[in-house]
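Every number in this text was worked out from the coordinates using simple rules, so none of it is lab data. No experiment lies behind these values; they were computed from the predicted model shown. Cβ sites come from the backbone with ideal geometry, for glycine too, and all protein chains shown count toward neighbours.
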Amino acid sequence: MRKEDFSLHWMRSAGSHWSRMTREWVDLPDDHIINMHRSPDSGGQGSVGFFPSAQAVYEKDLTAAAGETVLMHLDGAYEHAEVFLNGDLIYQHPYGYTGVLVDLSEKLNAGENHLRITTSAIHPGSRWYTGGGLYREVTLYRAGRIWFDPYAVFITTPEASGSQARVRVEAGICGVRTAAEGLLRIKIQDPFGNTVAMTEAAVSLDAGKTTVCQELIVEEPRLWSTEDPQLYQACMSIQTPEGADMHLQTFGIRCIEIDAKQGFRLNGVPMKLRGGCIHHDNGMLGSAAYPVAEARKIRLLKQAGFNAIRTAHNPPSTALLDACDKMGMLVLVESFDVWRYGKNPLDYHTYFEKWWDYDTSMMVLRDRNHPSVFCWSIGNEIMEFDGNSNGIEWGRKQAELVRSLDPTRPVTSGVNCACGRPEDFFRSMDFPEMDHYVNFVENGVFHGEDLWGAATEAGIANLDIAGYNYHFRRYAMDREQYPDRVIMGTETRPALTWENWQAVKENPNCIGDFVWVAMDNLGEAGMGRVIWAKEPPKTFSWGVPYPWLSCWQGDLDMTGYRLPVSYYRNVVWGLDLGIHLFTRHPSRTGYNCYGNGWHWEEVFSSWTYEDEWIGKPVMAVAYTSAEQVRFLLNGVEVACVPTERMIARAEIPYQRGTLTAEAVHGNKVIANDVLQTARPAACLSLDAEHMTLKTDGKDLAYIRCTITDQNGIPLVLDDREIHVEVEGAGVLQGLGSGDPCTEEDYGTGRRKAFRGSVMAVVRAFAQCDADTIRVRFTAQGLAEAECILSVAQVPGKGE
């Protein structure tokens with residue numbers, strides 16, 4: 001089928017009520033909620049970041065030839081999508097995350113047609129920010145009478161090594177009216193476009209749909225891996241007396257083996273999964289899944305040391321999986337956060353029984369050709385997983401359905417043993433200071449009561465890999481009790497990074513660890529917040545007040561800026577043999593940092609504080625694998641302390657100048673890190689990740705604006721407001737910061753700096769006479785800064 005981008009120039013009507021909508025032209029992907037006003041009265045409250053519920057209508061014309069087959073791929077529409085073609089309702093789908101194919105052919109007219117798609121995002125219906133509308137790409141597939149079903153193409157590599165690979169190609173051919181013979185041709189091209197295998201065969205085609213299968217041999221293949229993600233393409237065509245069609249499918253050649261004795265092997269090489277959970281939003285862009293934004297997310301996570309992600313708790317965008325394929329990021333794809341037992345009044349449980357098999361099928365059929373996908377998850381912390389509400393049987397049915405559609409990948413689920421008993425939730429988990437539901441990083445760890453019963457074991461029996469959420473202490477115990485069980489830490493807490501990774505390393509039955517979360521996300525507001533106190537707090541509320549915006553749990557903040565915990569994690573993983581220096585604010589000296597375990601100690605990459613703190617103690621914190629750390633202030637040693645769990649701390653009297661941390665191992669300095677006191681703020685420093693944009697309506701430039709002194713040293717605590725204006729061939733698509741708690745709305749062109757910076761995202765128009773984009777940054781008391789981006793015309797866009 002011929003693939004056609006259908007994302008440009010939609011007329012969108014959107015608002016908080018059907019009777020109060022505004023109309024404007026938009027390009028997809030589009031999240032119509034992200035720029036709406038946040039309010040403490042939001043129906044979803046902090047779970048969705050205090051954003052409102054809203055509805056939208058998208059309209060666009062399309063042309064079709066007489067007898068043409070046209071399929072529309074909606075990669076994601078949030079939510080309760082209804083598709084109208086020429087006034088007729090032809091399709092409905094309640095779930096907001098599953099990619100689906102909608103056959104438009106029957107109701108198409110030869111010539112012009114009118115398409116209308118409605119969505120409705122109503123809360124409380126989620127535990128995280130959802131966004132709303134056609135937030136992922138829309139694609140058309142066109143063909144004549146005979147066509148390849150894009151969801152019925154399945155390419156596997158039953159045998160794959162560096163010397164030879166056996167490639168199995170399965171395809172569904174549709175539209176045949178009378179049974180006949182057809183000629184099937186398949187050609188495999190390597191990553192450089194060279195043909196490395198081909199076959200031609202006569203196939204018998206039944207009326208309707210026929211599945212055909214061929215096997216090819218590729219000699220000396222270039223294997224897909226996390227370090228060298230090589231991609232192949234299968235070019236297939238069919239000729240019949242009634243017509244012909246062709247289809248292109250990208251795939252990878254690789255071999256994954258998993259067992260409890262040798263763990264996870266990719267192409268025969270043992271590895272541990274350094275994983276992170278992510279939600280689907282892109283910070284200031286909301287849920288809009290721009291391919292560049294999705295690729296940037298994966299690139300930043302790779303740079304931060306991750307080799308695997310978990311798409312919590314829903315299927316991701318195709319764009320994100322494409323990026324994972326190209327960059328070598330392994331993916332655990334998850335279907336649902338709930339089954340029949342809900343966690344919110346309006347969440348998926350209200351239509352699970354009717355739609356679970358369809359949505360599960362669409363997830364697997366869409367994503368099973370991605371070499372990055374190594375495992376399927378049928379749910380997260382499912383409330384009936386312990387056997388209540390017939391949960392064991394529902395788990396069995398879902399696992400069996402997944403295996404019937406893809407027998408090559410294992411099935412898991414994120415299990416928390418007390419999900420069916422909320423009153424036991426806290427007692428079952430790895431919580432220090434359990435009586436108060438808080439975690440003091442420097443305290444010992446509570447060994448929770450074992451509430452894992454026979455019913456939970458029955459649920460795990462449905463799985464190929466047992467996903468343990470917050471139960472790393474079971475790894476060693478279950479290694480003895482269940483010697484053939486493969487375990488994966490599907491969620492772990494940042495505050496116990498050291499403990500979790502030690503358990504992963506020491507137990508071959510555990511193939512890896514997925515921290516909650518890898519990148520900060522909108523919603524689940526304030527879950528990673530901290531409390532500074534001298535004694536443990538009596539309570540730690542799970543609900544947070546407005547204006548909390550994000551969860552504040554990530555290794556990266558919402559702009560992609562690496563936070564201190566990310567540097568620590570790389571040290572613990574053994575990827576970073578250097579040292580990273582941070583400090584607490586002087587006002588925190590003498591206080592302890594408390595949280596709920598999903599937090600990290602609040603420290604800054606700064607040695608710039610007000611003069612009132614001169615001479616007063618400041619806690620310096622260094623992360624390193626070295627034996628000890630030597631701290632020097634203006635060249636003079638002021639402390640030398642041993643590391644504990646790869647962290648060294650020392651209180652140092654504050655003086656302006658240079659603070660240095662030296663990593664000492666075997667009486668030798670192996671690395672150092674330096675913080676310098678900044679002078680007064682002098683300028684806005686710009687760092688654009690790309691300087692040239694394509695005019696495809698989707699390309700983005702990320703520009704970080706940082707407040708610095710005259711020497712370029714950031715002023716991390718400067719929070720003055722920064723204004724951004726864009727002129728020329730583009731638009732300011734988003735402006736935000738990493739601030740997890742702010743009353744600011746998106747879409748205003750203004751944002752207060754957080755830790756000294758903001759991030760602007762500029763999108764190029766699909767069609768414009770100008771050949772540059774001028775981006776201007778201003779802030780009170782500082783000189784204006786400007787960035788000029790160039791644009792490269794893309795032929796055929798702007799229709």
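I need the peptides 345-353, 701-709 ranked by packing, meaning the mean over residues of other C-beta atoms within 10 angstrom, with the highest value on top.
Output ranking for 345-353, 701-709: 701-709, 345-353.
Just order 42-53, 376-387 by mean Cβ neighbour count inside 10 Å, highest at the front, would you? Display every interim value, and only then the final one.
On the way: 42-53: 23.6, 376-387: 25.3.
Output ranking for 42-53, 376-387: 376-387, 42-53.
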So what J values fall out for segment 221-234 if you push phi through Karplus, 6.51 cos²θ - 1.76 cosθ + 1.60 with θ = phi - 60°, rounded to Hz, Gly and Pro as x? x, 8, 6, 6, 8, 5, 8, 9, x, 7, 10, 10, 9, 9
Between 695, 660, 735, whose Cα lies farthest towards the positive end of the dipole of segment 599-739 when Lys and Arg beta carbons carry +1 and Asp and Glu beta carbons carry -1, centred on the Cα centre? 660
With the convex hull built on the Cα atoms of segment 682-764, state its orientation-averaged projected area in nm². 5.7 nm²
In sequence order, what are the phi-derived ³J(HN,Hα) couplings for segment 351-362 according to the Karplus relation 6.51 cos²θ - 1.76 cosθ + 1.60 with θ = phi - 60°, rounded to whole Hz, with x for glycine and proline? 9, 4, 4, 7, 10, 4, 6, 5, 5, 4, 4, 4
Please list, by residue number, every one of the GluC sites (Glu not before Pro) in segment 215-317 that is coil in DSSP and has at most 13 other beta-carbon atoms within 10 Å. 227
What's the FRET efficiency of residue 25 with residue 686 using the Cβ-Cβ distance as r and R₀ = 22 Å, to the nearest 0.05? 0.15
Listed by chain and number, the residues whose amide H is under 5 Å from that of residue 744, excluding neighbours fewer than 5 places away on the same chain and using placed H, are none
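Before rounding to the nearest 500, sum -39500 (n - 2.57) across all DSSP H runs of length at least 4 in the chain and divide by the residue total; then give [θ] at 222 nm in deg cm²/dmol.
On the way: 9 runs with 93 residues, N = 799.
When only DSSP H runs of four or more count, the value is -3500 deg cm²/dmol.
Mind putting a number on the dipole of segment 490-582 about its Cα centre? Charges go on the C-beta only, +1 for Lys and Arg and -1 for Asp and Glu, and I need it in Debye to the nearest 20.
Numbers: 7 positive and 10 negative charges, 50 e Å.
The calculated dipole for segment 490-582 is roughly 240 debye.
What's the Cα-based Rg to Rh of segment 58-139, Rh via Kirkwood? Mind dumping the intermediate values first?
Numbers: Rg = 13.5 Å, Rh = 13.3 Å.
On the Cα set of segment 58-139, Rg over Rh gives 1.02.
Which pairs in the list 272/326; 297/698; 297/326; 261/297; 3/698 are over 22 Å apart, alpha-carbon to alpha-carbon?
Working: 272/326 20 Å; 297/698 16 Å; 297/326 13 Å; 261/297 33 Å; 3/698 17 Å.
Long pairs (Cα-Cα over 22 Å): 261/297.
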For residue 668, list the lysines whose Cα falls under 30 Å from its own Cα; do not include residues on the same chain fewer than 8 positions away. 505
Dipole axis of the chain (+1 Lys, Arg; -1 Asp, Glu on Cβ), positive-most option in 712, 394, 271: 712
Built amide H within the under 5 Å cut-off of residue 697, gap 5+: 766
For 733-739, 587-593, ranked highest to lowest by mean beta-carbon neighbours within 10 Å, the order is 733-739, 587-593
If you put +1 on each Lys and Arg Cβ and -1 on each Asp and Glu Cβ, how big is the dipole of segment 18-75 around its Cα centre, in Debye rounded to 20? 300 debye
In nanometres, the difference between 0.36 nm per residue of separation and the alpha-carbon distance of residue 589 and residue 539 is 15.8 nm
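Taking every pair of Cα atoms in the chain, average 1/r, invert it to obtain the Kirkwood radius, and report Rg/Rh to two decimals. Could you put the intermediate results ahead of the total?
Working: Rg = 27.1 Å, Rh = 28.0 Å.
When Rh is taken as the Kirkwood radius, the ratio is 0.97.
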Taking R0 as 41 Å, what's the FRET efficiency between residue 181 and residue 161 from their Cβ-Cβ distance, rounded to 0.05? 0.70
Taking the Cα-to-Cβ direction at residue 404 and at residue 704 and moving 7 Å from each Cα, how far apart do the two end points lie in nm? 4.9 nm
Taking only Cα atoms, what is the 0 to 90° angle, nearest 10, from helix 564-573's long axis to the longest principal axis of the chain? 80 degrees
Placing +1 on the Cβ of each Lys and Arg and -1 on the Cβ of each Asp and Glu in the chain, which of 461, 363, 583 has its Cα farthest towards the positive end of the resulting dipole? 583
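How large is the dipole of the chain about the Cα centre if only Lys and Arg carry +1 and Asp and Glu carry -1, each at its Cβ, rounded to the nearest 20 debye? Please list the in-between numbers first.
Working: 74 positive and 104 negative charges, 128 e Å.
Approximately 620 debye in magnitude.
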Other residues with Cβ under 9 Å from the Cβ of residue 381 give, with Lys and Arg +1 and Asp and Glu -1, a net charge of -1
In sequence order, calculated HN-Hα J values of segment 315-324 (Karplus, 6.51, -1.76, 1.60; Hz; x Gly/Pro): x, x, 6, 4, 4, 5, 5, 4, 5, 5
